[in-house]
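Novice: Quick one: the structure is below, questions incoming.
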Amino acid sequence: MSQGVRRAGAGQGAAAAVHLLVTLSFLPSVVEAQVTGVLDDCLCDIDSIDNFNTYKIFPKIKKLQERDYFRYYKVNLKRPCPFWAEDGHCSIKDCHVEPCPESKIPVGIKAGHSNKYLKMANNTKELEDCEQANKLGAINSTLSNQSKEAFIDWARYDDSRDHFCELDDERSPAAQYVDLLLNPERYTGYKGTSAWRVWNSIYEENCFKPRSVYRPLNPLAPSRGESFYTWLEGLCLEKRVFYKLISGLHASINLHLCTNYLLEETWGKPSWGPNIKEFKRRFDPVETKGEGPRRLKNLYFLYLIELRALSKVAPYFERSIVDLYTGNAEEDADTKTLLLNIFQDTKSFPMHFDEKSMFAGDKKGAKSLKEEFRLHFKNISRIMDCVGCDKCRLWGKLQTQGLGTALKILFSEKEIQKLPENSPSKGFQLTRQEIVALLNAFGRLSTSIRDLQNFKILLQHSR
């Protein structure tokens, strides 16, 4: 490349940087002025979360996501949409997900045992002996196919009763390992009717909202009628929490897209970075008629919920039987040490959300509401198979499953307290898929809050 071309490229880069700062100087101080104070439905303030995330959580969770155990996620991106005929997959090149070659996957992960983090599951000889004993002790090997299918259905039903998500079958030929570091979440150009239909279905059909109540910014909303927030405040705590979790997840995903946006592509090389115009469109209080700050507050609320789940599940991983197994003993030990260190930090946070305030009414009513809550969220996890962009589907499924795992943890406190030290628990288990989703989903939330902090700094410097 000639010096003239290089100078032109450098000049364009400098011009882009100046343009960014000038644009930022006109951006209303969304984060500083409006996303502050104590969050509703809990006793935690946003500044405390910002400081805790910046200095305690973000550096460690980012490092954890780079470890082999957490960077490889097995997912089925070919499951058909169960709710409507698909419009076809996105043909934009940035929508594509590159599956991981078999040779790149650590041997301990691709062995395929869903509970491969358990030390006893990592002893091949013990597994072979166990399988041989099962064969020798079999009572009846002449079950009909119909009976076998019934047993499989029963096992699947028993296993799914505490799940808040529709889990992918990792044994399916369509399920593939994906290296999350090589397929980052960012704006791909996927938008329009297909994307709108997914989120509209989530909000309109799964957030306990009657059709007579219209969401904010809906152009079809009548000039008169019950306002959305009057309706929301009239709901029980559990249903308000459900809406805030979905809104927070939506805000977090939108923030990732604004932060990693395709700004330009020169000589075949894309340039990714923050898109201020897109950020304003989604979060500016004027352009969103006050909705942007509410959405960002719901992001903080979601962070609190997942933070609480991590603090509650710590005893599960503190047991000596749990080994985050990849086949590399030294790295596995370091990974577990780092994970336990993160758990210690989560337990030190002084203003946790109190999940005991949920489902605390009469036992029958509380049980029914909890089941309704679980089934609504499980339905949302199924809607993620309707996303037309593979990369968006990947991260949507992962973050939904991570939140579903967090909810499973929060409502399994008694089972976690009864965990045996040196043997698997029948009352509470996490698969590797759930563990990877849980920590990566929380890592995405931590990154979102960090990105908001970066916007604060850019705003201060531009004045």
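Novice: Taking the stretch 177-197 on its own, how many of its residues are under 20 Å from E98 (Cα atoms), outside any loop (DSSP other than H, G, I, E, B) and open to solvent by 80 Å² or more (accessible area, probe 1.4 Å)? So that I can check it myself, show each step before the final result.
Specialist: Initially, the stretch 177-197 is screened for residues under 20 Å from E98 (Cα atoms), giving 177-190.
Then keep just the ones that are outside any loop (DSSP other than H, G, I, E, B); that gives 177-179.
Of the ones still in play, those that are also open to solvent by 80 Å² or more (accessible area, probe 1.4 Å) are none.
Counting residues in the stretch 177-197 that are under 20 Å from E98 (Cα atoms), outside any loop (DSSP other than H, G, I, E, B) and open to solvent by 80 Å² or more (accessible area, probe 1.4 Å) gives 0.
Novice: Take the residues of the stretch 198-214 that are among the charged types (D, E, K, R) and surrounded by fewer than 18 Cβ atoms within 10 Å (Cβ to Cβ): which is nearest to S247 (Cα to Cα)?
Specialist: My answer is E204.
Novice: Next question. Can you confirm whether the stretch 272-281 contains a residue that is closer than 24 Å to T54 by Cβ, assigned to a loop (DSSP other than H, G, I, E, B), open to solvent by 40 Å² or more (accessible area, probe 1.4 Å) and touching a residue at least 60 places away in the same chain (Cβ under 8 Å)?
Specialist: yes
To keep it simple, each residue is scored yes or no on (1) among the aromatic types (F, W, Y); (2) modelled with pLDDT of 90 or more; (3) over 17 Å from I342 (Cβ atoms).
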{"site": "A406", "(1), (2), (3)": "no, yes, no"}
{"site": "K414", "(1), (2), (3)": "no, no, yes"}
{"site": "Q433", "(1), (2), (3)": "no, yes, yes"}
{"site": "R444", "(1), (2), (3)": "no, yes, no"}
{"site": "T447", "(1), (2), (3)": "no, yes, no"}
{"site": "L452", "(1), (2), (3)": "no, no, yes"}
{"site": "L458", "(1), (2), (3)": "no, no, yes"}
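Novice: Considering the stretch 357-375 alone, what residues qualify as being on the phi < 0 side of the Ramachandran plot and in a loop (DSSP other than H, G, I, E, B)?
Specialist: M358, A360, G361, D362
Novice: Go through the stretch 359-375 and report how many residues are open to solvent by less than 40 Å² (accessible area, probe 1.4 Å) and within 23 Å of the chain's Cα centre (by Cα).
Specialist: The qualifying residues number 2.
Novice: OK, next. When only residues in the stretch 42-94 that are in a helix (DSSP H, G or I) and among the basic types (K, R) count, which is surrounded by the fewest Cβ atoms within 10 Å (Cβ to Cβ)?
Specialist: Per the criteria, the residue is K93.
Novice: How many of the residues in the stretch 325-339 are assigned to a loop (DSSP other than H, G, I, E, B) and buried (at least 19 other Cβ atoms within 10 Å of the Cβ)?
Specialist: Within the stretch 325-339, residues that are assigned to a loop (DSSP other than H, G, I, E, B) and buried (at least 19 other Cβ atoms within 10 Å of the Cβ) number 2.
Novice: OK, next. Among the residues of the stretch 5-20, is any surrounded by 11 or more Cβ atoms within 10 Å (Cβ to Cβ), assigned to a helix (DSSP H, G or I) and at pLDDT 60 or above?
Specialist: No: the stretch 5-20 contains no residue that is surrounded by 11 or more Cβ atoms within 10 Å (Cβ to Cβ), assigned to a helix (DSSP H, G or I) and at pLDDT 60 or above.
Novice: If you take the residues in the stretch 210-243 that are of a type in the set (K, R) and more than 23 Å from the chain's Cα centre (by Cα), which one is nearest to E287 (Cα to Cα)?
Specialist: R215
Novice: So how many residues does the stretch 340-356 have that are in contact with a helix residue (DSSP H, G or I) (Cβ under 6 Å, 6 or more places away or on another chain) and either part of a helix (DSSP H, G or I) or open to solvent by 60 Å² or more (accessible area, probe 1.4 Å) (or both)?
Specialist: So the answer is 6.
Novice: Would you be able to tell me the number of residues in the stretch 312-335 that are without any contact (Cβ under 8 Å) to a residue 60 or more places away in the chain and within 29 Å of K356 (Cβ to Cβ)?
Specialist: Selection size over the stretch 312-335: 3.
Novice: Scan (1) touching a residue at least 60 places away in the same chain (Cβ under 8 Å); (2) in a helix (DSSP H, G or I); (3) open to solvent by less than 50 Å² (accessible area, probe 1.4 Å) for the single condition Y243 breaks and write down its number.
Specialist: The failed condition is (1).
Novice: Just to be sure, is Y316 among the aromatic types (F, W, Y), closer than 30 Å to E421 by Cβ and open to solvent by 30 Å² or more (accessible area, probe 1.4 Å)?
Specialist: no
The values are calculated or read from the model by the stated rules, or taken from the named source; none is laboratory data. Keep in mind the model is a prediction, meaning the values are calculated, not measured. Heads up, the Cβs are rebuilt from the backbone with ideal geometry, glycines too, and the neighbour counts pull from every protein chain shown. Only protein heavy atoms, including side chains, enter the accessible area calculation; ligands, DNA and RNA are left aside. Shrake-Rupley method; radii C 1.70, N 1.55, O 1.52, S 1.80 Å.
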